[in-house]
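The structure appears right after this line, and notes come after that.
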Amino acid sequence: MALTLYSHPLASFCHKVLIALYENGTEFNQVIVDLGDPGETAALTAKWPVGKIPVLHDGARDRVLPETSIIIEYLQQHYPGPVTLLPTEAERQLDARLWERFFDLYVSVPMQKIVTDRIRPEGGNDPVGVADARRTLDTAYQMIESQLAGKSWATGEDFTIADCSATPGLFYASIVQPFASSQRNLAAYFERLIARPSVQRTLAEAQPYFHFFPYREAMPERFVHGQG
């Protein structure tokens with residue numbers, strides 16, 4: 001196989017790329033990277049010195065692709081499938097890109113701030129930063145609730161790169177900061193996301209690692225036991 005994805009089954013940004021790959025049935029090898037292992041980290045940084053995952057290597061073109069948005073766009077250009085994750089029409093593509101960035105920056109990033117604060121060394125917690133992150137999630141949830149009115153997916157009736165981004169961010173964010181009972185559009189959208197086969201497969205692969213998640217005690221049983 002030409003494509004190798006360096007990732008980890010628990011990492012939300014890796015989920016984003018896995019969903020894109022599974023949506024189109026793209027063949028690839030997956031290498032799970034243990035960032036706590038110096039040898040595995042060195043092998044990753046040899047490809048991408050920043051040391052962040054996921055990273056995609058295309059052996060057919062000898063090309064290394066970091067960053068989730070770039071990886072998904074590259075896949076559409078060179079390994080297209082039945083699902084067009086980046087719309088070809090300019091305005092629709094702009095909407096998809098906008099909401100993809102929104103979910104990354106205003107759902108996934110604050111979610112990660114809350115999660116990683118729990119595993120900081122004693123005395124190293126950042127309560128102000130966590131409070132800011134929770135306020136950001138509150139605002140994001142309200143904006144998503146409005147955006148989804150009358151829509152099946154983030155930008156309309158087609159599943160796009162924005163939904164690939166939304167899924168892992170909302171999956172983990174909903175655990176650390178549940179949706180408000182009034183956010184019915186958001187809750188229904190989340191259920192549509194997790195029912196999608198590409199997402200079911202991604203979560204099934206992550207399930208054996210969920211015991212490492214710092215908020216494991218708050219995770220709904222249907223995810224802990226792989227019920228989807």
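Using a 10 Å cut-off on Cβ atoms, rank the peptides 11-21, 88-98 from the highest mean neighbour count down. Working shown, then result.
Working: 11-21: 25.2, 88-98: 13.6.
Going by the mean number of other Cβ atoms within 10 Å, highest first, we get 11-21, 88-98.
Assuming R0 = 45 Å, what is the FRET efficiency of E221 and E40, from their Cβ-Cβ distance, to the nearest 0.05?
E(calc), rounded to 0.05, equals 0.90.
Whole-Hz ³J(HN,Hα) for each residue in region 14-30, computed from phi via Karplus 6.51 cos²θ - 1.76 cosθ + 1.60 with θ = phi - 60°, x for glycine and proline: what do you get?
Once θ is set to phi - 60°, the couplings for region 14-30 become 5, 4, 4, 6, 4, 4, 4, 5, 6, 4, 9, x, 6, 7, 7, 9, 10 Hz.
What is the set of long-range amide H partners of L148 at a cut-off below 5 Å, with H atoms built 1.01 Å from backbone N?
Under 5 Å from the amide H of L148 lies no amide H from a residue far enough along the sequence or on another chain.
Among all the lysines, which ones have a C-alpha under 28 Å from K47's C-alpha, if same-chain residues fewer than 8 places away are not counted?
Excluding near neighbours in sequence, the set is K16, K113.
Read through the labelled values (i) 13.0; (ii) 12.1; (iii) 14.2 and report the label of the one computed as mean projected area of the Cα convex hull in nm² from the structure.
(i)
Enumerate the calculated ³J(HN,Hα) couplings along region 182-190 in order (Karplus 6.51 cos²θ - 1.76 cosθ + 1.60, θ = phi - 60°), each rounded to whole Hz, writing x wherever the residue is Gly or Pro.
Computed from phi, the couplings for region 182-190 are 7, 8, 6, 4, 5, 4, 5, 4, 4 Hz.
How large, in percent, is the carbon and sulfur part of the accessible surface of the chain at a probe radius of 1.4 Å?
Numbers: 5860 of 10890 Å².
Ligands and nucleic acids excluded, carbon and sulfur give 54 percent.
Name the residues whose placed amide hydrogens come within less than 5 Å of the amide hydrogen of Q30, ignoring near sequence neighbours (fewer than 5 apart) on the same chain.
Long-range HN contacts for Q30: L5.
What are the ³J(HN,Hα) couplings of region 64-73, residue after residue, when phi is run through the Karplus curve with 6.51, -1.76, 1.60 and θ = phi - 60°? Round to Hz, x for glycine and proline.
9, 10, x, 6, 4, 4, 5, 4, 5, 5
Which residue fluctuates the most in the chain, going by a Gaussian network model with Cα springs under 10 Å, if the choices are L170, L105, L137?
Of the options given, L105 has the highest mean-square fluctuation.
Using Cα springs under 10 Å in a Gaussian network model of the chain, which residue among G36, G169, G123 shows the largest mean-square fluctuation?
Comparing G36, G169, G123 in the GNM, the peak value goes to G123.
Count neighbours as other Cβ atoms within 10 Å of each site's Cβ, and list the GluC sites (Glu not before Pro) in region 1-76 that are DSSP loop with at most 16 such neighbours.
Here the GluC sites (Glu not before Pro) that fit, given the DSSP loop and packing criteria, are E27.
Net charge within 14 Å of S182 by Cβ-Cβ distance, Lys/Arg positive one each and Asp/Glu negative one each, not counting S182 itself? Don't skip to the end; give the middle numbers.
Values: positive: R184; negative: D138, E145.
Overall, the nearby charge balance is -1.
Mind checking the per residue accessible area of the chain for me, 1.4 Å probe, whole number of Å²? Show your work: numbers first, answer last.
Values: 10890 Å² over 228 residues.
Accessible area per residue, the chain: 48 Å².
Restricting attention to region 133-228, which GluC sites (Glu not before Pro) occupy a DSSP loop and are surrounded by at most 14 other Cβ atoms within 10 Å?
Numbers: sites: E145, E157, E191, E205, E217, E221; in loops: E157.
Answer in residue order: E157.
Hey, what D do you get for region 90-223 in µm²/s if you plug the Kirkwood alpha-carbon radius into Stokes-Einstein at 10 °C and 1.306 mPa s? It would help to have the intermediate numbers written out before the result.
Details: Rh = 15.5 Å.
The estimated diffusion coefficient comes to 102 µm²/s.
Please list the non-local residues whose amide H lies under 5 Å from the amide H of T84, H modeled 1.01 Å from N, same-chain partners needing a gap of 5 or more.
For T84, whose amide H was placed from the backbone, there are no distant partners under 5 Å.
The values are calculated or read from the model by the stated rules, or taken from the named source; none is laboratory data. A quick note: this is a predicted structure, and the numbers were derived from the prediction, not measured. No Cβ is skipped: glycine too gets one built from the backbone with ideal geometry, and neighbour counts run over all protein chains shown. Just the protein is used for accessible areas: all its heavy atoms, side chains included, with ligands, DNA and RNA removed. Shrake-Rupley method; radii C 1.70, N 1.55, O 1.52, S 1.80 Å.
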